[in-house]
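Asks: Provided herewith is a single structure, encoded as structure tokens, for subsequent inquiry.
Every number here is computed from the coordinates shown, using simple stated rules; none is lab data. Since the model is a prediction, treat every value here as computed from it, not as a measurement. Cβ sites come from the backbone with ideal geometry, for glycine too, and all protein chains shown count toward neighbours.
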Amino acid sequence: MSYETLSDAVVKGDINTAKEATQRAVAAGDNIQDILDQGLIAAMDVVGGQFSKGLMFVPQMLRSAKTMQECVELLKPHFKEGEVTTKGKVVLGTVKGDLHDIGKNLVRMMLEGAGFSVIDLQVDVAPEAFVAKVNEEKAEIMGMSALLSTTMPAMSQTIKALVDSGIRDRVKVMIGGAPVTANYAEEIGADAYAPDAGSAVIEAKKMLGID
Amino acid sequence: MKKTKKPKKKVRYKGSPPANARKKKFLWLNVLPQDLWIKVRRGTTVWKALEKTNVNLEGECGGLGKCGKCKIRVITAIGPPIREEAELLSPEELKTGIRLACRTKIRKDLVVHTEVSDEEVEFFQILKYGQMPIIQMDPLLDKRPVSVQPPSLENPASDVDRIREGLGQEYRHLKVAYQCLSSLYEDLRKTKFEGTAVLHDECLLAWQPRKMAARRYGLIFDIGTSTLVGALVSLLDGQDVAVVSRLNSQNRHGSDVISRIQYVKEHSRGLSQMQRHLVEDLNILSRRMLQVTHLAKGDIAVAVLAGNTTMQHMFLGLDPRGIAEAPFAPVITEGMIVRAQDVGLDLHPEAVLYIMPSKSGYIGGDLLGFVLASGAANEKDRLVLGLDFGTNGEIFLGNRERMLTCSAAAGPALEGARITHGMIGKAGAIEGFRCDVNSLHYRVIGNIKPRGLCGSGLVDLVALLLHHDLLDADGLLRPISEEATSEMASRLVKRAGNELHDFVVVPSADSLDGSEIRLTQKDVRELQLAKAAIAAGVKTLMKTMGVDTKDIDVIYLAGALGNYVHPLSAMRIGLLPRIDPEKIIPLGNAASTGAKMVLLSKQYWNKSAEIAQFIEHVELSTHPNLFDYFVKEMSFPTENLW
């Protein structure tokens, strides 16, 4: 079964066509996981790539994410317990002292679009709160963002809090935000740096060894 | 943030270094063309080494290796560039030894040249003038000719008491400044008791000869994050006698307030350095103004200063760190009156300095000055929208019934930063475009060959691209059709290696440094983010107020971009709401105008405090609808305007 129509519609953000294609596939008795993986998630991979290149921008990316969400809603009644798998759990938030969450929200949407389950701690998240949530959820990835260079040090403090509580080696750390650089990520001992929401997905997959 | 240890003491020599400088932990950095020798610890970056000197490098990111603008030419043989340099610099640049100061670590004695290309004296376009409403003169400082009775057996009262008598009932509670008292005995007698009283409030600041009565001047300063403007104003008629400007010397520590505060955070003496930079800059400005007008510093006994909250804090030596982190609380927002000498301003020893009130961490005295200059707080029926574009775009909306304000994190794109060939408004920047019968014309500041785009040029260009349909509403640069042959269309070229297109603004043959000036897809994205932030701020204020675009009666624009940007272009790209262009009025340097109004009429000092109380601050970063507005405003309007 090919999901070209569905994928194209998600990439274009054409909600109606995408929903129709999803319904057709469900009616034809297709495997739900296949529709999700080969139709929806594959489309969001394309979107992420185009966004990173600059071919697509935030509004279009959001339109695609919304299209995907609507389609996932249609699939939900057909999910059987334990049948649909998640790619991994991600705990996200902006660091202590930082209230700017627009970039972080985009990352959340793209990660969800790629099949990750995301626990969003929102903004101004203290190091202890990150640690507690990572522990509680057994998250595989922790993502932090900072828009202001003055709040960047909180990233390093949060990583230190992970080390201190002995769970640093159980979680991969990804960081991003306007003033953040790959060098800074290396300097503070983060595992990955994502310059934009599309790259966040690529990096997340790389860290967990998903192709 | 990693702390790099700095050498405790940096030794600087002019001329050649001492012969016995041994190569050890410390190395020598020789900076040309100044021929400055700086002793630095091995491993320090050139950027760090230059931070404390008078050498000014360009740079927007404060040494993070992101902007690629702190270029230097390394004369000493040097290894291959590091990753950021390879990305941010062209192969030609790398070949000629050009590197980024913030990425170049000093591992051996190094000779660098700070002028990447041979440039003449820079000409910066700094907006110095503003539109001034007509006001009733009642300056902060008064000078009165006074005749004082010499002491006699019949009237043996003190000198001060007899001055009180001479001044009359109004000044019966007169106080006298200490400096004035200390020389009063002689001053009175030298003038034979016929002199001029320099009065501020109920205080005698100085006693001067009678002929000085007409010498009434005051200073105003607009301290912007990037540029500083000073004006010497006659208190008799309110005319500017001299206006000068210069770049803020703090620029070497980053181009925005956040990187300046970051510097303060990371350096134990950072705040006093920042303060010293500002005070020194203002002293240079005052000296220059006094020089050209043949006045002495003793002639200036009053000054008014307006700046954003961070600059005002730094000027006073108040710790600005609270402003850089949520909840963004400054030390103080009230206006203040301080003695100029207490902060180190070199004016009359008793000169008083008025610091404008502010509203919050990101709504400063400059915005209140703008509100004052616009007269919006007195408007009864008309709804006024005011915008000051900058890294933080400040916006106000309302009239005397209700007034809202917010600060939108637009980023520096509108000032030419983060744009591939962007630059601030100085010689060589294209400030405007025009297109007739499909051929593109541009206007360059300083009337020389172009070398980049400043904010107003960028807005004009993108508006033209939208108009000619080379840029779609989503912000994608793409050809209209395969066979389009117009001049505009032919400038759109495909990038090697991917599907993106660039717009060739100036071919290499026509540019100042012989390299092409392009507008890239990434540049358009940066502009989309910046204009969306501003437009989302405007929308948030309109929704909070419960009004619509059609209710806006007038839009006032402050600052350089507001002054030079074409209103139609700004509306075409969605930076401004679409209204009758006749209703869009640039006020020029409105912060200066506000400060001048305070200087010239005491009522405006009180008025500015009232406005600070009255105006409501809308915090955008936590506003529930901001995200939706922001995303919506990223797209460009579809309809053409001309």
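Asks: Taking θ = phi - 60°, what integer Hz values does the Karplus form 6.51 cos²θ - 1.76 cosθ + 1.60 yield along region B:101-112, in sequence order, with x for Gly and Pro?
Replies: Going residue by residue, I get 4, 6, 10, 8, 8, 8, 10, 8, 4, 10, 10, 10 Hz, with x marking Gly and Pro.
Asks: Check the straight Cα-Cα distances from B:K265 and name the lysines below 19 Å, setting aside those fewer than 8 residues away within the same chain.
Replies: Excluding near neighbours in sequence, the set is A:K96, B:K2, B:K3, B:K5, B:K6, B:K8, B:K48, B:K52.
Asks: Just check chain B against the gyration tensor rule for me: Cα atoms, a ≥ b ≥ c as the square roots of the eigenvalues, rounded for a/c under 1.5, and otherwise prolate or oblate depending on whether a/b exceeds b/c.
Replies: Numbers: a/c = 2.23, a/b = 1.37, b/c = 1.63.
In terms of gyration-tensor shape, oblate.
Asks: Once you have a ≥ b ≥ c as the square roots of the Cα gyration tensor eigenvalues for the protein assembly as shown, tell me rounded if a/c is under 1.5, and otherwise prolate or oblate according to whether a/b is larger than b/c. Working shown, then result.
Replies: Working: a/c = 1.91, a/b = 1.68, b/c = 1.14.
Here the protein assembly as shown falls in the prolate category.
Asks: Taking H as built 1.01 Å from N, whose amide H comes closer than 5 Å to the amide H of B:L32, not counting residues under 5 places away?
Replies: Those qualifying (amide H under 5 Å, at least 5 residues apart or on another chain) are B:V112, B:H113, B:T114.
Asks: Using the alpha-carbon atoms, what tilt in degrees (0 to 90, nearest 10) does helix A:127-137 show relative to the longest principal axis of chain A?
Replies: 40 degrees
Asks: About its Cα centre, what dipole magnitude does the protein assembly as shown give when the only charges are +1 on Lys and Arg Cβ and -1 on Asp and Glu Cβ, stated in debye to the nearest 20?
Replies: With only Lys, Arg, Asp and Glu charged at Cβ, the dipole is about 3860 debye.
Asks: Report the equivalent ellipsoid semi-axes for region B:375-642 in whole Å, largest first, defined as the square roots of five times the eigenvalues of the gyration tensor built from alpha carbon atoms.
Replies: Numbers: eigenvalues 251, 84, 48 Å².
Its equivalent ellipsoid spans semi-axes of 35, 21, 15 Å.
Asks: So, one more: With r as the distance between the Cβ atoms of B:L153 and B:D109 and R0 = 56 Å, compute the FRET efficiency 1/(1 + (r/R0)^6) and round to 0.05.
Replies: 0.10
Asks: For B:I584, which sequence-distant residues (separation of 5 or more, or a different chain) have an amide H within less than 5 Å of its own amide H, given hydrogens modelled in the peptide plane?
Replies: Close amide H contacts, sequence-distant or interchain: B:I555.
Asks: Oh, and also: Starting from the Cα gyration tensor of region A:89-208, take the square roots of the eigenvalues, sort them a ≥ b ≥ c, and report rounded, prolate or oblate (rounded when a/c is under 1.5, otherwise prolate if a/b is larger than b/c, else oblate). Intermediate results must be reported in sequence, preceding the final value.
Replies: On the way: a/c = 1.25, a/b = 1.04, b/c = 1.21.
Because its axes are fairly even, with a/c under 1.5, region A:89-208 counts as rounded.
Asks: While we're here: Peptide A:147-160: average number of partner chain Cβ atoms within 10 Å per residue?
Replies: Working: counts 4, 9, 14, 15, 5, 3, 5, 1, 1, 2, 0, 0, 0, 0.
Average per residue, whole number: 4.
Asks: In region B:449-484, whose amide N lies under 16 Å from the spot 7 Å out along Cα-to-Cβ of B:A509? List them in ranges.
Replies: Residues passing the 16 Å test: B:450.
Asks: Oh, and also: How high is the relative contact order of chain A, given as a whole-number percent (alpha carbon pairs under 8 Å, six or more residues apart)?
Replies: 19 percent
Asks: Please get the size of the charge dipole for chain A, origin at its Cα centre, with Cβ charges of +1 on Lys and Arg and -1 on Asp and Glu, quoted in debye to the nearest 20.
Replies: Using only the charged Cβ atoms, the result is roughly 160 debye.
Asks: Would you please give the FRET efficiency between B:K25 and B:T96, computed as 1/(1 + (r/R0)^6) with r the Cβ-Cβ distance and R0 = 30 Å, to the nearest 0.05?
Replies: About 0.45, to the nearest 0.05.
Asks: Here is a further query. Return the distance in nm (one decimal) between the two label points of a simple spin-label model at A:E128 and B:R400, each offset 7 Å from Cα along Cα→Cβ.
Replies: For A:E128 paired with B:R400, the spin-label model returns 5.2 nm.
Asks: Another question, then. Only Lys, Arg, Asp and Glu count, each charged at its Cβ (+1, +1, -1, -1), so figure out the dipole size of chain B about its Cα centre, rounded to 20 debye.
Replies: 3560 debye
Asks: To continue, here is another question. Enumerate the amide H contacts of B:G422 below 5 Å, restricted to partners 5 or more residues apart or on another chain; note that Pro and chain-start residues carry no placed amide H.
Replies: For B:G422, whose amide H was placed from the backbone, the distant partners under 5 Å are B:L453.
Asks: Just the Cα atoms of region B:240-350: what Rg and Dmax do they give in Å?
Replies: So, for region B:240-350, Rg and Dmax equal 14.9, 48 Å respectively.
Asks: In the structure shown, do any of B:K143/B:K175; A:K12/B:K632; B:K69/B:K105; B:K531/B:K596; A:K19/A:K76; A:K172/A:K206 have a Cα-Cα gap over 19 Å, and if so which? Walk me through the numbers on the way to the answer.
Replies: Numbers: B:K143/B:K175 15 Å; A:K12/B:K632 17 Å; B:K69/B:K105 17 Å; B:K531/B:K596 30 Å; A:K19/A:K76 13 Å; A:K172/A:K206 11 Å.
Exceeds cut-off: B:K531/B:K596.
Asks: Could I ask something else about it? Within 10 Å, count the other beta carbons around each residue, average over each peptide in B:288-295, B:463-470, and list them highest first.
Replies: B:463-470, B:288-295
Asks: Simple spin-label model, 7 Å along Cα-to-Cβ: B:D436 to A:K12 in nm?
Replies: 4.3 nm
Asks: Distances over 21 Å make up what percent of all Cα-Cα pairs in region A:3-78?
Replies: Pairs farther apart than 21 Å: 19 percent.
Asks: Give the percent of DSSP beta bridges with both residues in region B:375-642 that are antiparallel, rounded to the nearest 5. Let's see the in-between values first.
Replies: Details: 25 of 39 bridges.
About 65 percent, rounded to the nearest 5.
Asks: Given the -39500 (n - 2.57) contribution per DSSP H run of 4+ residues, what per-residue ellipticity at 222 nm results for chain B, rounded to the nearest 500 deg cm²/dmol?
Replies: Mean residue ellipticity at 222 nm (helix-derived): -8000 deg cm²/dmol.
Asks: Let me ask something else about it. Averaged over B:205-213, how many beta carbons belonging to a partner chain fall within 10 Å of each residue's beta carbon?
Replies: Going residue by residue through B:205-213 and averaging, the value is 0.
Asks: Another one. Using the beta-carbon distance between A:T85 and A:S165 and R0 = 25 Å, what value does 1/(1 + (r/R0)^6) give for FRET efficiency, to the nearest 0.05?
Replies: Computed FRET efficiency for A:T85 and A:S165 comes out at 0.30.
Asks: Next question, about the same structure. Can you give the angle from 0 to 90° between the axis of helix B:455-467 and the longest principal axis of chain B, with both taken from C-alpha atoms, to the nearest 10?
Replies: Helix B:455-467 sits at roughly 40 degrees to that axis.
Asks: How about chain B: what cysteines have no other cysteine beta carbon under 4.7 Å from their own?
Replies: B:C70, B:C102, B:C180, B:C203, B:C406, B:C435, B:C454
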